Amino acid sequence: MEKIKLTDLELKVIKVLWDLEEASVNQIQAALKIEREFAITTISTVLKRLKDKNAVDFRKEGRQFIYNTLISEKETQSSMTSNLVNQLFEGKSSVLVNHLLEADAFEAEELERLKKLIEAAQKRQG
């Protein structure tokens, strides 16, 4: 899988496209307006960068371009998490998990879920 690296704003735009499945620049701008107002030119520039990264595609509908994402949420999470682990935690997922545990980043329910995931992973590995 090709590494996916997205800026904060690129990720926000991709999330809008995941939610809407496809959208025009105006629709993306409207969806982002809840958090912060971005100029149409800013959204257009971000979409061009995402197109250059093969993260989105578009089709022309009348005078508008309708954008859709070419990357799934799961593959983006996987790739960006892998980048984070490699850059900050020397490629060791256990160091990341340890950091999260020490920071009390998990609620009790999440810890129980993690225990089950670890047990399932251990069974798969033999």
Within the range 36-60, tally of residues that are in contact (Cβ under 8 Å) with a residue 12 or more places away in the chain and acidic (Asp, Glu): 1
Given (1) exposed (fewer than 11 other Cβ atoms within 10 Å of the Cβ); (2) among the small types (Gly, Ala, Ser); (3) at pLDDT 90 or above, number of the condition Gly126 does not satisfy: (3)
Any hit, the range 100-123, residues being in contact (Cβ under 8 Å) with a residue 24 or more places away in the chain and polar (S, T, N, Q): no
Residues being among the aliphatic types (A, V, I, L, M) and over 15 Å from Leu17 (Cα atoms) - total across the range 35-67: 2
Residues (within 20 Å of Ala121 (Cα to Cα), exposed (fewer than 11 other Cβ atoms within 10 Å of the Cβ) and within 18 Å of the chain's Cα centre (by Cα)) located in the range 55-99: Lys74
Entirely in the range 6-83, the helices (runs of 4 or more DSSP H) that have 1 or more residues that are among the β-branched types (Val, Ile, Thr) and closer than 30 Å to Ser94 by Cβ: 8-20
Failed condition for Glu10, given (1) within 20 Å of Gln77 (Cα to Cα); (2) modelled with pLDDT under 95; (3) of a type in the set (Asp, Glu): (2)
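Going by the conditions given, is Lys123 charged (D, E, K, R) and closer than 16 Å to Lys12 by Cβ?
Working: charged (D, E, K, R): yes; closer than 16 Å to Lys12 by Cβ: no.
Against the criterion (charged (D, E, K, R) and closer than 16 Å to Lys12 by Cβ), Lys123 does not qualify.
The values are calculated or read from the model by the stated rules, or taken from the named source; none is laboratory data. Since the structure is predicted, the reported quantities are computational estimates derived from the model, not experimental observations. Here Cβ is always computed from backbone atoms with ideal geometry, including for glycine, and neighbour counts include all displayed protein chains.
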